[in-house]
Amino acid sequence: MARNGYWVVGILAGSVLLASACRTVGAEIWVDGASESASANGTEKAPFKTIGAALKAVEPGDTVTVRAGVYRESVRVPGGKAGSHTTLRAAGGQRVIISGAAPVTGWKKHRDGVYTTTLDFRPTRLLVGLVELPVARTPNEGWWAAAGASDLTYRADSIDRMKTVPTGLVGGEAYLWTRYGNTFFTVPVATIDRRKGSFTIQRTSKWMKTGAGDRFYFQNHPSLIDRPGEWAVTGDKDAKIFRVYLRPSAEADLKRISAPRETRQVVSVYSTAYVRLEGLEIVASAKNGIAVNRSKNITIDKCVVHSNGGGGIAMRDCTDMTVKRCIVHRNEHGVTLHTMKNATITQCDVGYNRVDGLVVSWNSSDVTVRNNYLHHHLLWGHPDNFQIYRGVKNLQFVDNLLLAGGQSMMMEQIEGGLIKGNMIIGCGAYSVIFGHKNANDFRMRNNTVAFSGYGCMSLTGRTYDVQANVFVTGHAGPMYGVRGVKGYTGDRNLFWNAPGLASKKVLVSDKAWHNDLASFQTASGLEKRSIYGDPKFRNAPQSLAIIDSKRLTECTRDTWPLRKGHPPMSAGQVIEVNFDGVARRVLKVTGDTITVSPALKAKPAKGWLVANWGGSSKLNLDLRLGGASPGAQLAEGGHSVGSSIDIGAYQQGDFNGDGTRDLPNSPKELAPNTW
């Protein structure tokens, strides 16, 4: 009997080995969330119901093809082998959403228009469909300011404002924007004294230093819910019972509410090689959308990654990585590369993330960033369209469009790189920052750097070769300075401030701040064949101003104080906010304050960018040089200086200029921001 038993096992084992041996190399395994097959085996006619089930059946080199649907899974993709990648992809033309969010159900009426339910995890975000809902707050928009602070106790600048704060707010939160270090904190509210106009917070970071002029608002308490779509959560993390409150815009929305679970990541690739991810939509993780660690030869192609609580695409300790033709929007960070070797980011649209767009850091080397659209990183922290730090070597940054950033390109602790052919347009500070005296050895060729809050570049390191670029501040401040900079060479560049300036500064040398190029050339011996003159862009604003972030509490939706030193502005001119494509007309100018129409959707949250288009309401940016430009034949060999990027084509997702969109279709939930 025992021998018979072993004999049966042997036959079964042999059958499995035989099936494996006969299995097609590079097989296609199908997934369909609507499948009801009782005998699902991954074939096209009997697909698996979940991606996880399909990945368990994968062998190196297989392709998992997923049909349309929403898959609430957290999956890990196994590796392939050289010449034969394991692929996880969407079926052709179908919308495959892999979501890290769990449905939120069980809603009951709490009070007029407000519903409540309980969860066993604390949600950091709430979504209706794939659209993030706003946390309840007061004031509903804009900021209040502190008149003073004594460590953890703030005194508001208006007792009358504090009298509107609900008495039961203790247990909610304050969101702080501190002037010390320009930092942001979410802190619990410990006490509120409405009579004195003060409140006390709990310390959440040793780096938090409070003071007069700090800005704040209160948030995340059910008593603050006063508008459709707002929500709040309370609860005990030890008991793991959390109560969520929501005022839906419509009762039907209650059937479409979800929240990212704290433990969920959506797609992971760990300690493996030869993997392809294609055509997927990765959303609503509490952490990273796509996380790739300790792996090599990984390609992410035509994926849409949005609304995640960490990085959209986060990569660490990897070699030979390619991210191409992806849309990465509205995550905490867009794409992050840490300790990478030989990585390429190309033809991607990375925008509207809450902090930085693209980050390359921690001893990464041989990174190529080419033909991307990095834009609209203007919110929290110190937002950069592109940030590089901590021991990076050999960066190739070529033919990218950077638009509307807190800082466009921030670098420190980096050695060696090429910055060529880029359009870098619109920022609140410096456009290109070679910072901390340790961003060294760069060549800059044929870039157009225009409309900066402070200046086009900040040079603090050594060895910069700057040739055939266009630099335009859009205001009276200088392009950049070479004071104390060793190893700077520059020539055949075109410089311009803005029209109609009574006085200006152009460049800074070791000897002076120069209000004309000729005096800089004489004092420094540099830029001998460079020109100062209007570049005659095909279509561009004439100047740039910045909403004064120190006076945000004075802002309304249509009236804003501008940072001092802004270029002249007059009633009747057309302005654009944050390069959003919406024409607004200046109604009145009073000192440094302007009133415009139409108004913004909400009061300014930061020092937004204000581009002055003069009398033109055609806001299609085109910063290629016109034929009459003084830079048209300024480069060596009689070629044009500056970048030749077609901004409109990049914004439409056409990076190679063939008239065809290179990116996947953008979901309706990712409509461009207007402010």
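For this structure, a couple of remarks:
- Restricting attention to the chain, close to 35% of DSSP beta bridges with both partner residues there are antiparallel.
- For the range 40-50, putting each phi into the Karplus relation 6.51 cos²θ - 1.76 cosθ + 1.60 with θ = phi - 60° gives couplings of 4, 9, x, 6, 4, 8, 10, x, 5, 7, 10 Hz, in residue order, rounded to whole numbers and with x for Gly and Pro.
- Spherically averaged projected area in nm², based on the convex hull that wraps the Cα atoms of the range 543-612: 3.9 nm²
- Peptides 153-164, 543-554, ordered by how many other C-beta atoms sit within 10 Å of their residues on average, highest first, read 543-554, 153-164.
- For Gln396, net neighbour charge (Lys/Arg +1, Asp/Glu -1) across residues whose Cβ lies under 12 Å away: +3
- Kirkwood hydrodynamic radius (C-alpha pairs) into Stokes-Einstein, the chain, 10 °C and 1.306 mPa s, D in µm²/s: 58 µm²/s
- The fraction of all Cα pairs in the range 219-376 landing in successive 5 Å bins from 0 to the largest distance is 2, 9, 16, 18, 18, 11, 8, 8, 7, 3, 0, given as whole percents.
- Out-of-range pairs (alpha-carbon distance over 21 Å; input Lys255/Lys603; Lys109/Lys163; Lys393/Lys420; Lys56/Lys255; Lys420/Lys511): Lys255/Lys603; Lys109/Lys163; Lys56/Lys255; Lys420/Lys511
- Based on the convex hull around the alpha carbon atoms, the range 567-650 presents an average projected area of 7.5 nm².
- When peptides 371-384, 564-577 are ranked by their average number of other Cβ atoms within 10 Å per residue, the highest-first order is 371-384, 564-577.
- Alpha-carbon centroid distance for the pair the range 202-218 / the range 60-75, whole angstrom: 44 Å
- Neighbourhood charge, 13 Å Cβ-Cβ cut-off, centred on Gly181 and excluding it, Lys, Arg +1 and Asp, Glu -1: +2
- Under a 5 Å amide H cut-off, with hydrogens placed 1.01 Å from N, Ala102 pairs with Ala259, Arg261 among residues at least 5 apart or on other chains.
- For the range 79-94, Karplus couplings with θ = phi - 60° (6.51, -1.76, 1.60), whole Hz, Gly/Pro x: x, x, 8, 3, x, 8, 6, 7, 10, 10, 9, 7, 4, x, x, 10
- Expressed as a fraction of 2.2 N^0.38 Å, the C-alpha radius of gyration for the range 127-237 is 1.05.
- Net +/- balance of residues flanking Ala611 in space, Cβ distance below 15 Å, scoring K and R +1, D and E -1: +1
- Multiplying the residue separation of Ala27 and His436 by 0.36 nm and removing their Cα-Cα distance gives an extension gain of 142.0 nm.
- Each peptide among 82-92, 260-270 gets the average number of other Cβ atoms lying within 10 Å of its residues, and from highest to lowest they stand as 260-270, 82-92.
- Relative to the longest principal axis of the Cα atoms of the chain, helix 2-22 runs at roughly 40 degrees.
- Vicinal HN-Hα couplings computed from phi for the range 115-124 (Karplus, 6.51 cos²θ - 1.76 cosθ + 1.60; Hz; Gly/Pro x): 10, 9, 7, 10, 9, 9, 9, 8, x, 8
- Straight-line cross-link partners of Lys504 among the aspartates and glutamates, defined as a Cα under 17 Å from its Cα and at least 8 positions apart when in the same chain: Asp516, Asp534.
- With 28 Å as the limit, the listed pairs Lys564/Lys588; Lys209/Lys240; Lys606/Lys668 have Lys209/Lys240 beyond it between alpha carbons.
- Under the criterion of Cα pairs below 8 Å and six or more residues apart, the relative contact order for the chain equals 8 percent.
- Relative contact order %, the range 526-663, counting alpha carbon pairs below 8 Å whose residues are six or more apart: 27 percent
- In this structure, the amide hydrogen of Glu230, modeled 1.01 Å from its nitrogen in the peptide plane, lies closer than 5 angstrom to those of Arg247, counting only residues at least 5 positions away or on a different chain.
- Per-residue ellipticity at 222 nm, computed for the chain from helices alone with -39500 (n - 2.57) per DSSP H run of at least four residues, works out to -2000 deg cm²/dmol.
Values quoted throughout were computed directly from the atomic coordinates according to the rules given, and no laboratory measurement underlies them. Treat the numbers as computed from the prediction; the structure is a model and nothing was measured. Methodologically, a virtual Cβ is constructed for each residue, glycine included, from the backbone with ideal geometry; neighbour enumeration extends over all protein chains shown.
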